[in-house]
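The values are calculated or read from the model by the stated rules, or taken from the named source; none is laboratory data. This structure is a prediction, so every number in the text was calculated from the model and none was measured. Using ideal geometry, Cβ is built from the backbone for each residue, glycine included, and neighbour counts are taken over all protein chains shown.
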C-alpha cells in the first residue's frame, strides 16, 4: 500500500506542478512554447550527460558528460518530428547563455588561489596568455586564407577557439592529483590556475572584436572605447568586490548563501546589464574581478560559496550545451564547410600545442611533462558553448543578415571544437598523465600547506 500511495502522491504532485506552471505562463508550457522547449532540452541534455557518464571503457578515463549534453541538443534539433515542437526564442536563449557565462566567470574568480599564483606566477602567466593569443592569431590567419573570413571575423573566431575548458581540464587534473601524479612539481595546480586566466583573456578578446565587428565607427575609436570598457570593468569589479568582502559580515546567519546570492546577483547585473547598454567587454571583467577581490579574506567560507555556485552550474550546464547542440542544423551544413572548419581548427591547435611546449621549457619540467602540458591544454567546451552563438545573436538583433554566413561558421567551429577536443583532451590527460608523471603517495602531500 505504501508504494502505491507514493506513486499516486508523486503523480498528483507532478500534475499539480504542471497546472500551476500553466496558470502562470499559459501556452508557454505547451509544445512550441519557450518553457516547454527549455524543459525538454534540459531533461534530454541531462539524460544524455548521464548516459555518457555510464559508459565505462577499461583503462580509459570517463568521457566528459557535457559531450552527451551537446549531442542530445543536436539530436533534438535534427529529428524531423521533434524539432517542430521545440522552440526557444532568441531573448530566452541569450539570457540563459549569458547567465551560464556569469556562472563560469564567478567560478573562475573563486578558483583563483592568490598564494598559488604568487608562487607559480611566471608559468601561470605564460600558459594563460601565450597559447590563447597564439591560437587566436593563428585561427585568424588560417580562417582568412582558407575560409575567406575578413580579418575582424578571423580574430573574433580566434578568441572563441582560444579558451581552454576548465570543465574538462580541472576534473581530469584533480583526478590525477588525487592519485598522486604530478603533485611534486605542482603541475595540476599550474594548469587549474592558468585555465581561469586563459578564459578571462579569451572572453575579453572576443567581446572586444565583437564590438569592432558590429560597429560602424572608426577602428581607432572602437579600440579606445574597448580599453575604456576594460578599465571601467576592472574598476567597478574592485569597488564592488571590496564591498562584498565585508558585507555580509561573517557572524551573520547563513552567510555563505548570502554571499553566493550577492556574488551571482551583482555578476549577472554586470554581464547582462553591460550588454544592455552596449558595454560588452566591461561586464565579464567586472564579474571576475569582483569575485576574486571579495573572496580573498573569506577563508573557509569560500569553500561553502564555491559549492553553492557549483550547484547552480549543475542546472545551467545541461541548458548551455543542449542549446548549443540545438543551434546546429545538419540541413544548413555543407560537407566542404565541415572539412574546411576541421582543417582550420586542426592547424590552429597545432600552433597552440607547439607554443605551449615552448612556453614551459623554462619551468623545470622534463621533456615528457612538457609534452603532457601541451596536450592537456587543448580541450575546449564551456567558453566555446557560450561565445559560439553570440555573434549570430548580435547579427540577428541588428538585422545584419549579410553577416549571418560568418556568424554561422563561427558557431559551427565552436560546435566542432567541443565535439573533437573535449573527449580527446580528457582521454589524453587520463592516459598520458600516469605514464609521464612520477607517482607520489597522495597522503604524503595532503597535510602540506
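Numbers for the structure displayed
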item	result
Enumeration of residues in the range 357-406 that are in a loop (DSSP other than H, G, I, E, B) and loosely packed, with under 15 Cβ neighbours inside 10 Å	361, 362, 364, 366, 398, 399, 400
Residues that are more than 14 Å from residue 109 (Cα to Cα) and crowded, with 20+ Cβ neighbours inside 10 Å, drawn from the range 260-270	270
Failed condition for residue 287, given (1) farther than 30 Å from residue 70 by Cβ; (2) touching a helix residue (DSSP H, G or I) at 6+ places or on another chain (Cβ under 9 Å); (3) at pLDDT 85 or above; (4) surrounded by 14 or more Cβ atoms within 10 Å (Cβ to Cβ)	(1)
Residue among 86, 55 that is exposed (fewer than 12 other Cβ atoms within 10 Å of the Cβ) and at pLDDT below 85	55
Where residue 74 falls short, out of the listed (1) in contact (Cβ under 8 Å) with a residue 12 or more places away in the chain; (2) exposed (fewer than 10 other Cβ atoms within 10 Å of the Cβ)	(2)
Residue under evaluation residue 174, criteria (1) crowded, with 19+ Cβ neighbours inside 10 Å; (2) modelled with pLDDT under 80, criterion not met	(1)
Residue count for the range 120-146, restricted to those that are at pLDDT below 85 and in a helix (DSSP H, G or I)	6
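Listed here are the residues, each with its yes/no results for (1) under 27 Å from the mean Cα position of the chain (by Cα); (2) assigned to a helix (DSSP H, G or I); (3) closer than 30 Å to residue 413 by Cβ.
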{"residue": "31", "(1), (2), (3)": "no, no, no"}
{"residue": "48", "(1), (2), (3)": "yes, yes, yes"}
{"residue": "56", "(1), (2), (3)": "yes, no, no"}
{"residue": "66", "(1), (2), (3)": "yes, yes, yes"}
